[in-house]
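The next block holds one structure in the form of structure tokens; read it before the comments.
The values are calculated or read from the model by the stated rules, or taken from the named source; none is laboratory data. Just so it is clear, the model here is predicted, and its values are computed rather than measured. FYI the Cβ positions are ideal-geometry reconstructions off the backbone, even for glycines, and counts take in every protein chain you see. Accessible surface areas use protein heavy atoms only, side chains included; no ligands, DNA or RNA. Shrake-Rupley method; radii C 1.70, N 1.55, O 1.52, S 1.80 Å.
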Amino acid sequence: MNNYKNTLNLPKTAFPMRGNLSKREPEILDRWYKDCLYQSIRQAKKDKEMFILHDGPPYANGEIHIGHAVNKILKDIIIKSKGLAGFDAPYIPGWDCHGLPIEHKVEQIIGRPGDKLSDSKFRDICRQYAKKQIERQKLDFIRMGVLGDWEHPYLTMDFNTEANTIRYFGKIIEKGYLVKGVKPVHWCTSCGSSLSDAEVEYSNRSTPAIYVCFRAVDSQYVYDKFGLKAINLPISAVIWTTTPWTLPANRGIAVNANFTYQLVKINNYECLILEKSFVEIVIQLIAVTEWQVIAECNGYELELLQFHHPFMDFNVPIILSDHVTLDIGTGLVHTAPAHGQEDYIIGQKYNLEIANPVDLYGCYLPNTYPGLDGIFIFKADDFIIEILNVKNKLLYKEIFQHSYPYCWRHKIPVIFRSTPQWFISVEKHNLREQILKEIKNVKWIPNYSENRIRSMVTNRPDWCISRQRNWGVPMVLFINKKTQELHPKTLELIEKIAKQVEKSGTQAWWDLDPVTILGSDSLNYVKVFDTLDVWFDSGSTDFTVVNIRPEFKGNPIDLYLEGADQHRGWFMSSLILSTIVKNKAPYKEVLTHGFTVDGQGRKMSKSLGNTISPQDVMNNFGADILRLWIASTDYTNEIAISNEILKHSVDNYRRIRNTARFLLANLNDFNPNLHQIIPKQMVSLDLWAINRAKSVQEEIIMHYANYDFHAVINCLMKFCSVEMSSCYLDIIKDRQYTLKYDSLARRSCQTAIFHIIESLVRWIAPILSFTADEIWQQLPGKHNKYVFTEEYYVGLFNSNKIVHDKLWDTLFIVRNEVNKVLEKARRKKIINSSLDASVTLYVNTELYKKLNELGDELHFILLTSDAKVMNITKAPVQAHNGELNGLKITFKKAEGNKCPRCWHYSVDIGSDVNYPELCARCICNINGNGEIRKFA
């Protein structure tokens, strides 16, 4: 038998079957950066409409984790897809460089500033540490294929940014929103500083829960309130608390004005005041056998009654507050204005003392109470409980598990602690209402996130923006020693100081001698040494970065994209500041993504051993697999990752890559400038394929615009695996390989393939960036150097789309039914492949007309050696009934011999003595004018 391989148009391409991504991607990156790819993109897009995604800065601290990868890659997909959509979409990555994450890490390395380490040296080490972390993180982000201006990122510690942050602070003061007050704030006893809401996380904690008696100062007066005559028994109001350590700061007992409170006589020994819903519960706990409710009254009747503190020498009043509920306790609430938000608010109403006996690091101050001085508060619970026991004021004790705030850095319980702090008031000038109005003007994705931030704004307290730290942007204020008022020229002073910070950084403030800027007036003022909350740093970057950087050309921000926790973090701080300064939200859209979990839905944790690092994924599989996994998820919910999930992404990647390879391999002799076929001369199936590509492109563009990337992947997988590989490409192999190389039918096929690969490479570019670049380098014809400077392909067209789609939809259903019949036969080893078969289709009149129109080309669509169409009335009893009405199928072994060139069975083999082994069709394609195809 002769070898006819040289007579076939076999596929050939330099595009390898195996991606070998972990090795090939770094080589591609080297080329990108040698060619200044990002700058080339900017040049190509310079006159286009702007789209601005403002990067929320990660902390410059530690290795990046899988959450960082999700965030940065999602942003990169959006930026690249916007470029393809015709936008100029610059990406300026940023880092948050100040604050506790870095300061804490430096403290672990070299200790806190003190005698051996000056504050200025400490800050310099923090700056150097941040720089090193940025370089480490930057390399990983670049390795992921994220394109941006990595040579010129924005850093909140850049001198210019620090100076502009100070200027933005000045605008807040100018607008009248800065206030100073003594309020309880979240306080970390390890940090020795206040925390923002975004720096607090909640976890379950077990603490002592105690029922404590406060003895009435004037029992007869209390009896009078309950409508009773004198009873010679003492009266105690019973409170319940899970924070015994706060009892030294107690200054009141809160009741609800509308609740009913009962006076309960206990063993003829004492009378207790309890809300009526809790009476039986408390009686059961303290195991009293003789008790009686002797009177009751409304809560408001108890207002201002005086009770002795249980172990300290002063009295406290009963006060009325709506925050008292019937969820748990006694209906009487221990009130310490220095250690609770509601306590503080109601304390202000009743002018209660804000007594804070706790120092920066959680220890009791001197002269708090004998035996407590210098004791850490959480170690004092047992001591205080013992005092109550000795003084016969402890009614009952139990252990109670409840949700409790923790410092998200140190993972230790935090406290509420009142200290003098600086706040942005959300009540002044109706700021809260303005913010709520601006929320309506923003598109929140997913839409339920709008309710989340709306609820947070509605319920949030004033924003504490001062921190007692070394490494941060200073609050450059001078305060009058007597009046505690700001210097009357504060705004002028801020600008002068900002100019100095531009030259030498924030150390300029710490080194500043007030005399040099205030002159003799410096004697009347003190310098503020607090720093700004880091959320102020990042929250002001729409001004300090976007308004300043020339790449953005003064345009407003289109999109913020961060994790769902940023509703109380960056989204919130940016919204507050922009509403104050600009009277509008800083963004048009806000997109949030969920957090990564393992394949079982568990939170990633080193202790569970279920973490997967992005570096490992890239080293083992490649960055494109990491990118494909992220794009394949519904990232608005929790994002699951495991080795099994990644392997599924690998499988999907192979299908896309193999599709692209097939397309490229069949263009090896195609020059689009010479060989393209005009639509009216193209084969019907090829027109259908181009029509499908155009429809798919429209869907993909829509999904990219909606940030719906998993829908993009679904479209790609259906197109590559089903419509292309299992259908179109399967059918065209015979035509592509066996027809005359320059025949119209083959060039028609190549024309369709060319249009499809030109489209496909653009569709995948935002997600599979490295692979898209590989494909781009292999495309026939002249192109710009990189796909990323391009826009979506405009060469697709619709040609008789309705007619073609209707015809081919029917044909593919018929083909599917035939495949089912032949697959059963193959499993039974009746045939080895579909080409071994000859099928007969028994059809109704409507189908007969459609199928008969195809003539001899029907069997090419069915991938059989022969196909006949007959009226359904002639169908034998044993004919297969498919799911398509009006269709029955039979098959038999194909007649004739197998052609060694095309593998079809034919009865005309041997009709030409020059080619005794070949069928007439192959002879025509080798030595004749070539086969003519109209449909397939």
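Quick look at the values:
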read-out	value
Members of region 134-152 that are part of a helix (DSSP H, G or I), open to solvent by 10 Å² or more (accessible area, probe 1.4 Å) and not β-branched (Val, Ile, Thr)	GLU135, ARG136, LYS138, LEU139, ASP140, ARG143
Selection from region 656-677 of residues that are under 36 Å from the mean Cα position of the chain (by Cα) and either of a type in the set (Ser, Thr, Tyr) or open to solvent by 50 Å² or more (accessible area, probe 1.4 Å) (or both)	ASN658, THR659, ARG661
Residues located in region 847-879, provided they are part of a strand (DSSP E or B) and touching a helix residue (DSSP H, G or I) at 6+ places or on another chain (Cβ under 7 Å)	ASP866, ALA867, VAL869, ASN871
Hits in region 398-424 - residues which are farther than 19 Å from ALA336 by Cβ and either without any contact (Cβ under 8 Å) to a residue 60 or more places away in the chain or open to solvent by 10 Å² or more (accessible area, probe 1.4 Å) (or both)	GLU398, ILE399, GLN401, SER403, TYR406, TRP408, ARG409, HIS410, LYS411, ILE412, TRP422
Hits in region 906-923 - residues which are open to solvent by 50 Å² or more (accessible area, probe 1.4 Å) and under 15 Å from ASP836 (Cβ atoms)	VAL907
Residue tally, condition open to solvent by 40 Å² or more (accessible area, probe 1.4 Å) and not β-branched (Val, Ile, Thr), over region 877-895	11
ILE125 outside any helix (DSSP H, G or I), of a type in the set (A, V, I, L, M, F, W, C) and either free of Cβ contacts under 8 Å to residues at least 24 places away in the same chain or closer than 20 Å to TYR560 by Cβ (or both)	no
Contacts under 7 angstrom Cβ, first residue in region 863-874 being under 9 Å from TYR842 (Cα atoms), partner buried (at least 16 other Cβ atoms within 10 Å of the Cβ) and among the basic types (Lys, Arg), 6 or more apart	ILE872/LYS888
Region 496-515, subset of a type in the set (Gly, Ala, Ser) and in contact (Cβ under 8 Å) with a residue 24 or more places away in the chain, residue farthest from LEU117 (Cα to Cα)	ALA498
Which numbered condition LEU332 misses (of (1) open to solvent by 40 Å² or more (accessible area, probe 1.4 Å); (2) touching an Asp or Glu at 6+ places or on another chain (Cβ under 9 Å); (3) not hydroxyl-bearing (Ser, Thr, Tyr))	(1)
Single residue of CYS720, CYS749 found to be touching an Asp or Glu at 6+ places or on another chain (Cβ under 9 Å), under 26 Å from HIS675 (Cα atoms) and surrounded by 20 or more Cβ atoms within 10 Å (Cβ to Cβ)	CYS749
Hey, LEU626 within 27 Å of LEU147 (Cα to Cα) and in a helix (DSSP H, G or I) or not	yes
Some residue of region 182-197 being open to solvent by 10 Å² or more (accessible area, probe 1.4 Å), aromatic (Phe, Trp, Tyr), outside any loop (DSSP other than H, G, I, E, B) and modelled with pLDDT under 95	no
Number of positions in region 471-490 that are surrounded by fewer than 17 Cβ atoms within 10 Å (Cβ to Cβ) and either without any contact (Cβ under 8 Å) to a residue 40 or more places away in the chain or of a type in the set (Gly, Ala, Ser) (or both)	4
Single residue of region 789-838 satisfying the filter (more than 20 Å from VAL683 (Cβ to Cβ) and among the hydroxyl-bearing types (Ser, Thr, Tyr)) that is farthest from the chain's Cα centre (by Cα)	SER838
Which listed residue, of LEU523, LEU436, LEU518, LEU493, is open to solvent by less than 70 Å² (accessible area, probe 1.4 Å), without any contact (Cβ under 8 Å) to a residue 24 or more places away in the chain, in a helix (DSSP H, G or I) and among the aliphatic types (A, V, I, L, M)	LEU436
Scan of region 759-782 for residues that are open to solvent by less than 10 Å² (accessible area, probe 1.4 Å) and among the charged types (D, E, K, R), ordered by number	ASP773
Region 377-395, residues that are surrounded by 15 or more Cβ atoms within 10 Å (Cβ to Cβ) and touching a Phe, Trp or Tyr at 6+ places or on another chain (Cβ under 6 Å)	ILE377, ALA380, ASP381, ILE387, LEU395
Qualifying residue in region 782-801 (condition: in a helix (DSSP H, G or I), within 30 Å of TRP903 (Cβ to Cβ) and modelled with pLDDT of 90 or more)	no
Among the residues listed as ARG24, ARG42, ARG31, ARG18, the single one being open to solvent by 80 Å² or more (accessible area, probe 1.4 Å) and of a type in the set (D, E, K, R)	ARG18
Any hit, region 346-367, residues being in contact (Cβ under 8 Å) with a residue 60 or more places away in the chain, acidic (Asp, Glu) and assigned to a helix (DSSP H, G or I)	no
Counted residues, region 886-923 - those being modelled with pLDDT of 90 or more and either part of a loop (DSSP other than H, G, I, E, B) or more than 30 Å from TYR741 (Cβ to Cβ) (or both)	25
Filter result for the condition that a residue is at pLDDT below 95 and open to solvent by 50 Å² or more (accessible area, probe 1.4 Å), over LYS694, LYS680, LYS733	LYS680
Output for region 597-616, where each listed residue is touching a residue at least 60 places away in the same chain (Cβ under 8 Å) and either open to solvent by less than 20 Å² (accessible area, probe 1.4 Å) or within 30 Å of PHE543 (Cα to Cα) (or both)	PRO614
